[in-house]
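The values are calculated or read from the model by the stated rules, or taken from the named source; none is laboratory data. These numbers were taken from a predicted model, which means no experiment stands behind them. Ideal geometry is used to build each Cβ from the backbone, glycine not excepted, and the neighbour counts take in all protein chains shown. Heads up: the accessible areas ignore ligands, DNA and RNA and are worked out on the full protein's heavy atoms, side chains in. Shrake-Rupley method; radii C 1.70, N 1.55, O 1.52, S 1.80 Å.
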Amino acid sequence: MSADLLFTICSIAVIPGWALLVLLPRWRWTLGLISPGVVPFVLGLVYLTLFLTEGFEGPEGSGFGSLEAVMLLFSVPYAVVIGWIHYLAFDLFVGCWELQDSQKKGISHWVMIPCLFMTFMLGPIGLVLYLIIRTVKTRELTIYA
């Protein structure tokens, strides 16, 4: 399967999960399929399969040791897809955690919608937004409570 097709399939595959988190946050299928990490797990399996079959091998001098080496590594289409799946899986996992945690803490879902959108689009910014809202709402500084 081409890197372009895999990129498209994985990008589309997360949209139903995000839609469930936003539109049906308390539906048992949302909590049963998305929240425990089933979709991120499946993305992880795709990631693992790609890593084992395509590797993370780039041209001479590529790697993770410097910005230049990473840029060179990501000149390879399958390496970009592997990296993209990494983002998709972890952002969705974080969104699931935010939703579950907000439900435990009694945070309004209307407040969560912007957090989930930002986590979907800009990962860490959505998490930071949620943690700020959570801290203000609960007056707890720890994320483990």
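Simple point charges give the picture: +1 on the Cβ of Lys and Arg, -1 on the Cβ of Asp and Glu, and for the chain a dipole about the Cα centre of about 980 debye.
Surface composition of the stretch 89-138: carbon and sulfur atoms hold 79% of the protein heavy-atom accessible area at a 1.4 Å probe. Going by the alpha-carbon gyration tensor, a ≥ b ≥ c the square roots of its eigenvalues, is the stretch 1-132 rounded (a/c under 1.5) or, if a/c is not under 1.5, prolate (a/b greater than b/c) versus oblate? Verdict is prolate for the stretch 1-132.
Per residue, the accessible area of the stretch 43-99 comes to 58 Å², computed with a 1.4 Å probe over protein heavy atoms only. The charge dipole of the stretch 93-145, taken about its Cα centre with unit charges on the Cβ atoms of Lys, Arg (+1), Asp and Glu (-1) only, comes to about 160 debye.
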